[in-house]
Amino acid sequence: MTLPAQTHEPAYITGLNTPQREAVLTTEGPVLMLAGAGTGKTAALTARLAHLIATRKAWPSEILAVTFTNKAAREMRERVGRIIGDAVEGMPWLGTFHAICAKMLRRHAELVGLQSNFTILDTDDQLRLLKQIVAAADLDEKRWPARQLAGLIDQWKNKGLTPADVDAGESERFANGRGGELYTIYQDRLKALNACDFGDLLLHMLTILKTHRDVLESYQQRFKYILVDEYQDTNASQYLWLRLLAQARKNVCVVGDDDQSIYSWRGAEVANILRFEKDFPGAAVIRLEQNYRSTPHILGAASGLIERNGGRLGKTLWTEVDAGEKVDVIGVWDGPEEARRVGEMAEDFQRAGGSLDDVAILVRAQFQTREFEDRFISIGLPYRIIGGFRFYERAEIRDALAYLRLVNQPADDLAFERIVNQPKRGLGDKALAKVQMFARADAIPLALAAARILDTDELTPQARRALGGFIGDLARWRDMASTLPHHELARQMLDESGYTAMLQADKSAESAGRLENLNELVRAMEEYETLGAFLEHVSLVMDNEAAADGEKLTMMTIHAAKGLEFERTFLAGWEEGVFPSQRSLDEGGLASLEEERRLAYVAITRARRKCTILHAANRRIYGQWTSSIPSRFIAELPEEHIEQESSFGGGESLWRANWSQNADPFTHLNRGTGRGPGWQRATSSYSPAPTRIVEARASAVSLGNKGRDDLSVGQRVFHQKFGYGVITQIEGNKLEIDFDQSGHKRVIDSFVTST
């Protein structure tokens, strides 16, 4: 198209680059604004919104503008308001998917059996209702947790599936085929309560738009223009809802970056943005490629990495700023050395005049922050955790510490109160109140009061059995503490108390991370001679966390860092099995590998001036030293944009050559230690176990393979982690298996053996 001359143009267009201007002025027809990291997509999106109103192409009430978060919606409203003034207040359809659908649903609630004043249940209310349904179905809640059913129903709603749409295969995912039945009961109960959950807001509106043509046409006529931010993060339900609304006028502009689609675990489908041109033939694809954030070396490293992905639309980021420093890739001996090196470099940055507020450590999983936190506490380096709690503040860590405190100090009433019914032991509020009264009457600790009340008839038989079992466990654990190493005692307590099993039964996205945190806690205990010494360390750490405000280094997961930027970033733990995540590769195969690579791309592009990637030769995993190899992503970084350094020799070039040639990177390993040439170091007597190496090898060799010929549907197999199971489906080298103890899993065929 021919763009207007630069003279007499509105202020909101002045300063935009050519592709941004095109994205603003191409108002008619479908538009895909493919906006790379740091390319000013928010400026272009808000300018486009302001342009539609300022040129009177639509009234504010005739524009649908959808965001993913309330924060993004507020920012967009504020930016547009600065351009067009009070007119922005007339935009009732600017908001999140859920907020807009809630507004629509209140107008049409009766079409799905609700009243307009329906209640939106929060997560706690939803779980309470599902627990009632599971109990009424005569199911063992420990075997089939309500939280697992809630996660499954959420997945179905994200896919746009009503109970009638759930087939037998999907229904098999819960309670031996009763999933669909329980979903139906749940939806009926919600209607009886005149309530819905967050997933219903979209699902009900999708149902209404599909089944009531008059409602659909009224919204299609109302919305002359549709704008959607972060389109790569849409799930199936959101995608279908938007496509229905946009089909009539087709004046839809979606903004996104297929290279930053990293939320598949919460239902996002990168395919939505990849097929936009098929959904809307003739769509204008406008690429925003000029980056205003990072240096050429940082962009070159990130671009070279992401080019390895097959499922992408493609773009090349560039910048006019000076080249800057290359991306540092540093190999260290182990996790503690990684924390020391990062601490030293952060302090060097601060001494050179930089602010700690401009420094970030980005990790793949939350448990990785523990080693950094302990190091920073010891050297007095202030830090903050974004998107989560500090390690020792996390609920599962506080619970585990309460168990340890109660063994170490039986009079710790606060610890007793926290874990006496965690996990649930069938102790009701009345029973616990009687224990409290007994303790106050005799001025004794709660644990002692609990032991004494067992000799009375104050409690019901059920409560007496539950409390007696707990008190007996405490006594036994205290006896064991004199002979068993404290870290082994901690692991045994977590297992025998049922706490580990409780988390394993929780099928939510957070449960795996909580288990990882507990394993990291046990590993941390090994560094202290006694349980008392460890608990004293934790107390000092917690006390230090109340430090005054001031400059602080930031730690967060890469997922939490999306949309943020920092002058100086450290990307820690780039080893096979950690990043890319072995669990993700096991469950998702090649698709998960590509998402992990997009996550790496996001991590690198958070840096403005300096990016450092670190990997350790050894990690302590589940109490054992484990050798690690550098992440395959390191080998995929273009050499002209990186500077490599190693604390333990020249192993990186070997790994890079092996990965890049698609060869087996394990051929040259020393079989005894799991370490390659140049990885020798006379430092301690341990010999890291090669478990992680073996898993990484299997993953590296298997991804992309056609699959094994010796496996078939119905065959019984064994997996080292999940145990015995039966193959239910084979897709290339990916297997779907019903495990006897672990339920339904999707794994790579290299990890199983036939029985």
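The values are calculated or read from the model by the stated rules, or taken from the named source; none is laboratory data. Remember, predicted model here, so these are calculated numbers, not experimental data. Positions of Cβ are backbone-derived with ideal geometry, glycine not excepted, and every protein chain shown enters the neighbour counts. Heavy atoms of the whole protein, side chains included, go into the accessibility calculation; ligands, DNA and RNA do not. Shrake-Rupley method; radii C 1.70, N 1.55, O 1.52, S 1.80 Å.
Structure notes:
- Any hit, the stretch 34-41, residues being at pLDDT 90 or above, of a type in the set (Gly, Ala, Ser), open to solvent by 10 Å² or more (accessible area, probe 1.4 Å) and in contact with a Ser or Thr (Cβ under 9 Å, 6 or more places away or on another chain): yes
- The lone exception for Ile397 - which of (1) among the hydrophobic types (A, V, I, L, M, F, W, C); (2) within 24 Å of His486 (Cβ to Cβ); (3) over 25 Å from the mean Cα position of the chain (by Cα); (4) open to solvent by less than 60 Å² (accessible area, probe 1.4 Å) it fails: (3)
For every residue, the table says whether it meets (1) farther than 30 Å from Arg222 by Cβ; (2) of a type outside the set (Lys, Arg); (3) open to solvent by less than 10 Å² (accessible area, probe 1.4 Å); (4) assigned to a helix (DSSP H, G or I).
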{"site": "Val88", "(1), (2), (3), (4)": "no, yes, yes, yes"}
{"site": "Met104", "(1), (2), (3), (4)": "no, yes, yes, yes"}
{"site": "Glu141", "(1), (2), (3), (4)": "yes, yes, no, no"}
{"site": "Gln148", "(1), (2), (3), (4)": "yes, yes, no, yes"}
{"site": "Gly151", "(1), (2), (3), (4)": "yes, yes, no, yes"}
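- Counting only helices (runs of 4 or more DSSP H) that fall entirely inside the stretch 296-414 and contain at least 2 residues that are in contact with a strand residue (DSSP E or B) (Cβ under 8 Å, 6 or more places away or on another chain), the qualifying elements are 296-306, 335-351, 369-379.
- Residue check for Ile208: in a strand (DSSP E or B), modelled with pLDDT of 95 or more and open to solvent by less than 20 Å² (accessible area, probe 1.4 Å): no
- Of all residues in the stretch 731-755, those satisfying the criterion of being open to solvent by 70 Å² or more (accessible area, probe 1.4 Å) and over 23 Å from Asp506 (Cβ atoms) are Glu731, Thr753, Thr755.
- Among the residues making up the stretch 318-340, a single one is in contact with an Asp or Glu (Cβ under 9 Å, 6 or more places away or on another chain) and within 20 Å of Glu289 (Cα to Cα): Trp318.
- Residue within the stretch 577-587 that is surrounded by 22 or more Cβ atoms within 10 Å (Cβ to Cβ) and over 21 Å from Ile361 (Cβ atoms) present: yes
- Filtered residues of the stretch 109-122 (kept if surrounded by 13 or more Cβ atoms within 10 Å (Cβ to Cβ) and within 26 Å of the chain's Cα centre (by Cα)): Ile120, Leu121
Results for (1) in contact with a Phe, Trp or Tyr (Cβ under 7 Å, 6 or more places away or on another chain); (2) modelled with pLDDT under 95; (3) open to solvent by less than 50 Å² (accessible area, probe 1.4 Å), shown as yes or no for each residue.
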residue: Leu274; (1), (2), (3): no, yes, no
residue: Gln290; (1), (2), (3): yes, no, yes
residue: Pro296; (1), (2), (3): no, no, yes
residue: Ala302; (1), (2), (3): yes, no, yes
residue: Ile306; (1), (2), (3): yes, no, yes
residue: Leu317; (1), (2), (3): no, yes, yes
residue: Asp322; (1), (2), (3): no, yes, no
residue: Lys326; (1), (2), (3): no, no, no
residue: Ala352; (1), (2), (3): no, no, no
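Residue by residue, here is whether (1) within 31 Å of the chain's Cα centre (by Cα); (2) within 13 Å of Tyr225 (Cα to Cα); (3) not basic (Lys, Arg) holds:
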| site | (1), (2), (3) |
| --- | --- |
| Val24 | no, yes, yes |
| Met33 | yes, no, yes |
| Ala44 | yes, no, yes |
| Ile63 | no, yes, yes |
| Arg79 | yes, no, no |
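- Qualifying positions in the stretch 83-108 - over 32 Å from the mean Cα position of the chain (by Cα), touching a residue at least 60 places away in the same chain (Cβ under 8 Å) and within 14 Å of Met205 (Cα to Cα): His108
- Every test in (1) touching a residue at least 24 places away in the same chain (Cβ under 8 Å); (2) buried (at least 17 other Cβ atoms within 10 Å of the Cβ) is passed by Glu28 save one, and that test is (2).
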